[in-house]
Each structure stands twice: as structure tokens, then as C-alpha cells.
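Visitor: Take a look at this one; I'll ask things after.
The values are calculated or read from the model by the stated rules, or taken from the named source; none is laboratory data. Keep in mind that this is a model prediction, so the values were computed, not measured. Virtual Cβ from ideal backbone geometry, glycine too; neighbours counted across all protein chains shown.
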Amino acid sequence: MLCTLSRTGISSKHTYRSFSATVRTLEPKSLFTKHPDDVVLTLALRTPMCKAKKGGLKDTPSDVLLVGMLKAARERSGIDPALVEDIVVGTCHAPSPAYEARASAIAAGFPKHVPVQAINRLCSSGLMALRSISDSITKGDIDVGLAVGVESMTHNPRPTPKFNSEEIKANQAATDCAEPMGWTSEMVAADFNITREKMDELALLSHNRASEAQKSGRFDEEIVPFKTILKGEDGSVKEVVIDKDDGIRHGSTIEGLAKARSAFPDWGQARSTGANSSQVTDGAAVALLMRRSTAEKLGLADKIIAKHVATSVVGRKVLERTGLKTSDVDLFEINEAFASMYVYCVDKLGLDIEKVNVNGGA
């Protein structure tokens, strides 16, 4: 999610039609102009996104992913690492994320005085890292920061929440917090009458778009080829370089997706499958954000990818606050964790599907 802007192939015309982090005024015209205090994105990189437990990064723990991405950001940005004033790492399942993040930053070549923190907001942890850095720049606390997202679901699978509080156990809404996200997908589908067929239809569009994007090289610039190891079933170990996402379902058809089994058979008439839900993934991404005036001072004006990174460009609240209509926005990126949510957002907001997740999604 950290690499949404580069992944969608944003051109210069899109750059100035994106949302401003500073929100100095709610007038739409302010979104299309440059200001020295704009928060801008100058670098966005990621590892390949690989299937957990059987993909190319299955033998690569999260700290190895983290060191690799931080090192890539330091080397490819070309800036003095001492200029980075904060590093925020979004992660969900790592058992000791703050320690891991701090150690990884030092190992990647960042000075000890650069503060590092870990943040967890479950599925939006990476976006919260972006928001944290963006907010710090907006408030004037820092001028340059790194936002990182990392997860190894092979090494750190989703833990089963356990509650000890009697108050929680006695409150159904509270205990429901331990339910897996897949159940939420099923509830959305049931509550809003979203059919399996509609979910498969948009899933097919996503798979085919991602397939086309990969084959045409649209992801190449943002992916950092990752040197790692792969262990064979016979105990052998070999060095490899992983440079492609390995979860894209090339050659998908609606008939093939219809044959996919329910991912949650205990739900009853479940509609979420392995084909219309996001995979369990290993991977990481990093983004370098800074004040526009700082980017220009450092000679990085031509490296600016976009003006601000919005946490969610599809929320009606964001559109209302900025005075924009959906027709004013060139591209939308919606988290495709489950097709039911994807269908709901597209329908609820009345979005043009040709503008949504143009290179596929999760």
C-alpha cells in the first residue's frame, strides 16, 4: 500500500491533482498548486510481494526484509541518512517490532540519533506510518522522514487473540474483535447483498490488470530485487534474487474463479474464496517524504512523485472536506483485502471502475 502512487503509474498531470497533506484551505484550487510547505513523496520502493509459506520470501524473516528496504532507501535516495529525522515502521504481527525496527535502521546505515518507532493499526499499519511522517512534517516537527511497512506472515502468522477480562468476555461486541477479517468480509457481503458472482467479477478484473501490469514492466521501477535464500524440502539452501510478485493469478477466467472453494466454509453460504481475497503475504515497502522546500534545496525537485499521500482517497469525508467530486479525481486505490469490501466501496461511492486500481490490487 505504501507504493500505491508509483504502482498506478501516476503521471505529471496526476501529481497535481492529488490531495494535500497540509490542508491549509479546503478550497479545491489549493490542491492543484505548489507550496513550499507541501508534503511530497520523493521515493517509493518495495520488495516483491510473495505468498507466505510457499513464495519467494518464505525464508526471509521480517527484520531481514526491513534492513533490506531501509538500505535500499538510503542508497537510492542519495541523501545523507543523517538528514532523516524520523523513521516510522508499520507492522502488525512482529513480536518485538520496536526493537526490530530500531536495530534494522542502525544496521541499514542510519545514524543512532535518528529516532525510530513502530506503529500497529492492523491492516492500515503501513498507511499509519505514512500519516505519522506526513503529520510530523505538516506540524513543523521534522522536514524529512521515512515511512515503512513490513510483514512476514510466514514467520509471524496472525496470533489468536485471547482475552482475560471478564468485562470483555461478557460483552459480545467486545469479543467480536477477535473474529478474523474474513468473517467481516462475509458480513459485508450478506448485509449489502453482494453476490459471489459480483465479487468474482471484480476479482477477475484485478487479477488481469495486475497480470498485464507485471508483464508490461509497470512494477519494475518500484521493486527492489531482493537477494535472499530459499530452503528446499530436502534441506538444501540456495541463494536467489526475487524480483517479481509471485501471487498474481495469470490467465484467470471467470469460470476458473467460480471453481475456487470457500475460504471460510464454517460461515455457511460463504462467498469469500482464495481467488477473490488477498493472499497471505510476505513483503515490505518504504517511502521517503519531505517538505517541498527541502526537496528543492536538496536538488530533488525532479524526483517528486506526488504532492502528499492521502490515507484514503475514497472516503466521502475527504471529498467533502476538499470540495471535490469523484469525477475530479484521476485515480483511486482501494484496498482489495476482500472483494466484498471492494465491490461495496465502488458501488457506494459511484466510482468509475476504469479509474480504480488500474494495475490490480491485493
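Visitor: So which of Glu75, Glu85 is within 21 Å of Gly299 (Cα to Cα) and free of Cβ contacts under 8 Å to residues at least 12 places away in the same chain?
Guide: Glu75
Visitor: From the list Asp200, Asp176, Asp191, which one is surrounded by 16 or more Cβ atoms within 10 Å (Cβ to Cβ) and out of contact with any Pro (no Cβ under 7 Å at 6 or more places or on another chain)?
Guide: Asp200 is the lone residue from the list that is surrounded by 16 or more Cβ atoms within 10 Å (Cβ to Cβ) and out of contact with any Pro (no Cβ under 7 Å at 6 or more places or on another chain).
Visitor: Would you pick out the residues in the range 160-173 that are of a type in the set (Gly, Ala, Ser) and either more than 23 Å from Cys92 (Cα to Cα) or surrounded by 13 or more Cβ atoms within 10 Å (Cβ to Cβ) (or both)?
Guide: Hit for the range 160-173 is Ala170, nothing else.
Visitor: Could I ask something else about it? Within the range 321-362, track down each residue that is modelled with pLDDT under 80 and polar (S, T, N, Q).
Guide: If the condition is that a residue be modelled with pLDDT under 80 and polar (S, T, N, Q), then Thr322 is the only one that fits.
Visitor: Which one is modelled with the lowest pLDDT among residues in the range 174-218 that are within 27 Å of Ile254 (Cβ to Cβ) and of a type in the set (Ser, Thr, Tyr)?
Guide: Thr184
Visitor: I would also like to ask the following. Could you go through the range 80-90 and let me know if any residue there is modelled with pLDDT under 95 and either buried (at least 18 other Cβ atoms within 10 Å of the Cβ) or more than 27 Å from Val240 (Cα to Cα) (or both).
Guide: The answer is no, given that none of the residues of the range 80-90 is modelled with pLDDT under 95 and either buried (at least 18 other Cβ atoms within 10 Å of the Cβ) or more than 27 Å from Val240 (Cα to Cα) (or both).
Visitor: Take residues that are among the small types (Gly, Ala, Ser), within 22 Å of Leu130 (Cα to Cα) and at pLDDT 95 or above and tell me which of the strands (runs of 3 or more DSSP E) falling wholly in the range 219-298 contain 3 or more.
Guide: By residue number, 281-291.
Visitor: Quick check: is even one residue across the range 299-320 of a type outside the set (Ser, Thr, Tyr), modelled with pLDDT of 90 or more and crowded, with 21+ Cβ neighbours inside 10 Å?
Guide: no
Visitor: Considering Thr253, Thr273, which residue is touching a residue at least 12 places away in the same chain (Cβ under 8 Å), over 30 Å from Arg76 (Cα atoms), out of contact with any Cys (no Cβ under 6 Å at 6 or more places or on another chain) and surrounded by 15 or more Cβ atoms within 10 Å (Cβ to Cβ)?
Guide: Thr273
Visitor: Looking at the range 336-350, I want the residues that are part of a loop (DSSP other than H, G, I, E, B) and have a partner that is modelled with pLDDT under 85 with Cβ atoms under 8 Å, at least 6 apart or on another chain. Which pairs are those?
Guide: Final answer for the pair search is Glu336/Gly361; Glu336/Ala362; Ala337/Met181; Ala337/Ala362; Gly350/Thr326.
Residues checked against (1) more than 29 Å from Ile334 (Cα to Cα); (2) surrounded by fewer than 16 Cβ atoms within 10 Å (Cβ to Cβ); (3) modelled with pLDDT under 95; (4) among the small types (Gly, Ala, Ser):
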position	(1), (2), (3), (4)
Asp59	yes, no, no, no
Glu75	yes, yes, no, no
His93	no, no, yes, no
Ser104	yes, no, no, yes
Ala118	no, no, no, yes
Ser136	no, no, no, yes
Asp141	yes, yes, no, no
Val144	no, no, no, no
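Visitor: Show me the helices (runs of 4 or more DSSP H) entirely contained within the range 122-212 in which 2 or more residues are in contact (Cβ under 8 Å) with a residue 24 or more places away in the chain and out of contact with any Ser or Thr (no Cβ under 7 Å at 6 or more places or on another chain).
Guide: Helices (runs of 4 or more DSSP H) meeting the threshold: 125-138, 181-191.
Visitor: Tell me, which residue of the range 138-177 that is aliphatic (A, V, I, L, M) and in contact with a helix residue (DSSP H, G or I) (Cβ under 9 Å, 6 or more places away or on another chain) is farthest from Gly78 (Cα to Cα)?
Guide: Ile168
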